[in-house]
Structures are given as structure tokens and as C-alpha cells.
Amino acid sequence: MNQTDFLNQYYGYIDNAANAIGLLTPVALAQAFIESADAKGNFGQNPIALNGNNYFGIKSGADFKTYGSVQDSIDDYINLIGTDPRYTDVVNANDVAGQADAIQAGGYAGDSTTYSALIQSVVPRVQKLVAAMPSSDDTPAPDAASTPGSGAAASKAGPTVQKAGTDLVKQLQQAANDVVKNAGSTANKVEGSALKDGLILAGSIAGIFGLGWLIFHDKK
């Protein structure tokens, strides 16, 4: 599933679920984009998303969870943020920076010191994608929107959202480079994490965008 399909099918569902617990929708979407990306920053292309519908990098014990549907993955993420005491400060914060800081402090990405900055760098790009979606007057009813490929609005929105998605990848790569540059001194503190290896050995996009699969999974 690419980012256009994901937003067409699940934006409304995530928006409603996030609002119900006090989570900002752009923060939730940013985490989905981060955690499901492969090492090149391609949305939904890491193995846990492709093979297990796991778009938020959530683990059970030492293993990544697998889900019967993307909606199940969303539900589990919302439940985690909304009920786990580690994330109480997330829903008590009222801005992107505060929520991103609280997610990092709660250990979502293990002992990473750059995860909040990454979320904050992704949020504006996600907002650009959302802004490129059709207006509410053109959006299919919830049942239709949840069906892959349904509705004229989804077809109409495709090229516009896809262009914004292409811009997102380019901009996220620049954001990744910025985070890597600023985070170099922290790599030696992240013992046993793939972030350390990514920053030291590559200093590359993989060190940031493989979050769902390569980076921060002494977590959740």
C-alpha cells in the first residue's frame, strides 16, 4: 500500500481515533510514515508493514506484532498511546512538539534522543499530503472510503496526493540528513541499537527512515 492509498482509506479513521484520546492526527500519521518506511524512506515498504500490516512498529516481547488488517494496527497503536502509563504525557500535551517529546520520553523508540525531532520534521510534510486530499464535500462516506479503490474522489485525488507524496520523500530525506548531522554525537550512547550502526557506518537515510525495521526497536 502506498501513502496515497493509505491516506485515502484510513485518514478519516485515524483522525477520529486520535481525536478521541487527545492525540494530534499529524503526530499519529507521522509515526505511521516513519515506522512503516523502508531504508529509502518509501512508505509502507518495510517487512513488518508489508507482511504483518504493522504500520506503527509495535512489538510484543522481542517480536514485531502482526495484524489481520491495517485497521487492527491502527487500533493497537491508539490503544497503546491512550492507555499505557508511559504515554500519559502525550495526550496531556497540546502541541506537536510536546506530544513528540512525550512519545520519545515514554520510550517508543528505545533510548533514542532524536525521535522527537524526527516526528516534528515529518509532521509538516504529512500536513502537506493531507492538504492535497479532496475537500470534505468530495470525500466518500466512511464505509466507501475504507474500501480500497472505491469512490470517484479517491481516483480524483490520486495524482495530486501522489505528487505531494513524491515531494514528501524528497523532503524527508533532507530532514533525515539534518537529523543525522545533528545526532552524530548521540550515536555512541545508543548501545545495541540500529541507530548507532546507521549513524556510524552510513550516516545515511537508512539510519533514519528504517525506523520501523532497522532503528528504534528496543521499544514499545
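No value in this document is a laboratory result; all are computed from the given coordinates. Note that the structure is a prediction, hence the values are computed from the model and not measured. Glycine gets a Cβ as well: all are built from the backbone with ideal geometry, and neighbour counts include every protein chain shown.
Ranking of I119, I34 by neighbouring Cβ atoms within 10 Å, starting from the fewest: I119, I34. Close amide H pairs (under 5 Å, H built 1.01 Å from N) link A132 with no residue at least 5 positions away or on another chain.
In order along the stretch 52-65, phi translates into HN-Hα couplings of x, 6, 9, 9, 10, x, 7, 10, 10, x, 8, 10, 6, 6 Hz, rounded to whole numbers, per the Karplus curve 6.51 cos²θ - 1.76 cosθ + 1.60 with θ = phi - 60° and x for Gly and Pro. Ranking N46, G61, I81 by Cα position along the charge dipole of the stretch 39-92, where only Lys, Arg, Asp and Glu carry charges on their C-beta atoms, puts N46 farthest toward the positive end.
If the Kirkwood radius is taken over C-alpha pairs of the stretch 1-108, then at 4 °C and 1.567 mPa s the Stokes-Einstein diffusion coefficient equals 93 µm²/s.
Applying 1/(1 + (r/R0)^6) with r as the Cβ-Cβ distance of A105 and N16 and R0 = 35 angstrom yields a FRET efficiency of 0.85. Summarising the amide proton neighbourhood of N54: residues at separation of 5 or more, or on other chains, whose placed amide H is nearer than 5 Å comprise A49, Y67. Extent of the stretch 52-106 along its three principal axes (Cα atoms, max minus min coordinate, largest first): 32, 22, 17 Å.
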